[in-house]
């Protein structure tokens, strides 16, 4: 299953930049996407897996290898494993620019965003564009029915998890994915973190999905220091496994909450960490509302236009908005998220809308109809909200 939207955007970026980077966690479909892109190129691109010793050996004289394959798209998978390539790429790109070759030279795939961005920003500024590849989203469902949307919410957006024959098979895949990250992938990146400690932290975050981040309290629960807990959280964020959502900080003369909210990005991983196998298990669990909120937020953030900034809003007096989307100075969306077919809003949402000067107000719910309610709020299905956000209207 190839995300067609990502494929189109990636092809466009390769027409505009000499190098394009695709970021996403392992198993999300980066290599599949790269193969789909490669099939459209002539001559046939070169693919190198930088976790393969055989492919790494080809880059012992990287500049010579790149010169040998000049005119072909070169795909470098898991490039964060070989950061010393970035200065070489800069030299090759600049030399080719002087020769008139300006776009579509390198497609790099990475699973650790912060390190990759830091490394490339020091060497490839102005030469590379990035595309983050999320898991499967609601518009990509083959049959976008409410039942399929719930299946995606339960199983998450990793293609192998979503496409499993049964819910139990999907859960086994996700539990194996979690174990592999903890026991193999993270140690290979360098940090020496006890897998048991990191799993406990990850599970705590699942239990408090969408809660405000308190590194000191998490550290105390894990018998580690607050700064150490913060470092572990930053690692999970770097690996694109969790997301921190910052509080809106406009000058409204209110006492605003300052701590970010933290979400496990893939809803299926949230449910696996909590051992929730079926939709019935999920609907009967206390995490149901927060899990749905995180699922909606990830889907919405996957389709934001360039220049849109996501926040949440909360004051000590009780005003609260789940998601604030700012599209330049003219548009400010207030989005509340409810897992109910008959949703209602609290006074705190309306107060928050007045505080931030919301230009549009929405309530995202799991139903299929769109309709207005009081105070200019529109109740809207998730897929329609994604279209609304992406339209820039």
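Throughout, read-outs are computed from the coordinates displayed, never taken from laboratory work. Keep in mind that what you see is a predicted model, and the values were worked out from it rather than measured. Every residue, glycine among them, receives a Cβ derived from its backbone with ideal geometry; neighbour counts consider all protein chains shown.
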### Message
Taking R0 as 22 Å, what FRET efficiency do you get between residue 98 and residue 41 from their Cβ-Cβ distance, rounded to the nearest 0.05?
### Response
0.40
### Message
Suppose only helical runs count, i.e. DSSP H with n ≥ 4. What mean residue ellipticity at 222 nm does that imply for the chain under -39500 (n - 2.57) per run, divided by all residues and rounded to the nearest 500 deg cm²/dmol?
### Response
-12000 deg cm²/dmol
## Note on the structure
So for R0 = 35 Å, FRET eff. of residue 228-residue 184 from the Cβ-Cβ r, to 0.05, ends up at 0.95
### Message
Cut-off is 10 Å between beta-carbons; in what order do 65, 365 appear when sorted fewest neighbours first?
### Response
65, 365
### Message
Compute for the chain: radius of gyration divided by Kirkwood radius, i.e. Rg/Rh, restricted to C-alpha atoms, rounded to two decimals.
### Response
0.98
### Message
Rounded to the nearest 5, what % of DSSP beta bridges with both residues in the range 242-393 are antiparallel?
### Response
65
